[in-house]
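Visitor: This structure is in C-alpha cells; I'll ask about it shortly.
Each value in this text was obtained by applying a stated rule to the coordinates, not by laboratory testing. Computed from a prediction, not measured in an experiment: that's the story for all the values here. Virtual Cβ from ideal backbone geometry, glycine too; neighbours counted across all protein chains shown.
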C-alpha cells in the first residue's frame, strides 16, 4: 500500500507537512512516494467538494490518506446499482479527506475522472500498489 501527501502538492493545507514527510496516518502501511501524483487541480476539486458536502470552510478540510491503486473496473470502486461498467483495470488513487470531522472517500483514475464514493458503495481496489 502506498500512502503520501506529497502527491497533493499545493492542494494540501493543514496537516500536509507531516504527511509529506512520511508521517501520514494510514491503516497499516508505511508512507511512500506515489510515482504518479494526484494532479493538484483534481485534489483541490476533491477538497472543495468535501467542504461543500460537509458545510465547512476550506480551512477545515484535511487530506488524511492518498493511495495509488488499481481499480477492478471502470466503476472506480464505487458502482451504482443498475449500471454496467467496462471490465478493465483502471490505475488511479483513493483519497480520504476529513472535512469538519466528517470522513469522505474519493476515487479517481489517472485519466482525470474522480468521484465521491459514499461508504455504502465503497469497494476496495486490487491488493498491492498500482501496477498499471
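Visitor: In what order do 41, 73 fall by count of nearby beta-carbon atoms within 10 Å, going from fewest to most?
Guide: Working: 41 12, 73 15.
Listed from fewest to most nearby Cβ atoms, that is 41, 73.
Visitor: Subtract the Cα-Cα distance of residue 123 and residue 88 from 0.36 nm times their separation in residues, and report this length gain in nm to one decimal. Write down the numbers at each step before the final one.
Guide: Numbers: separation 35, 0.36 × 35 = 12.60 nm, distance 1.52 nm.
Full extension from residue 123 to residue 88 adds 11.1 nm.
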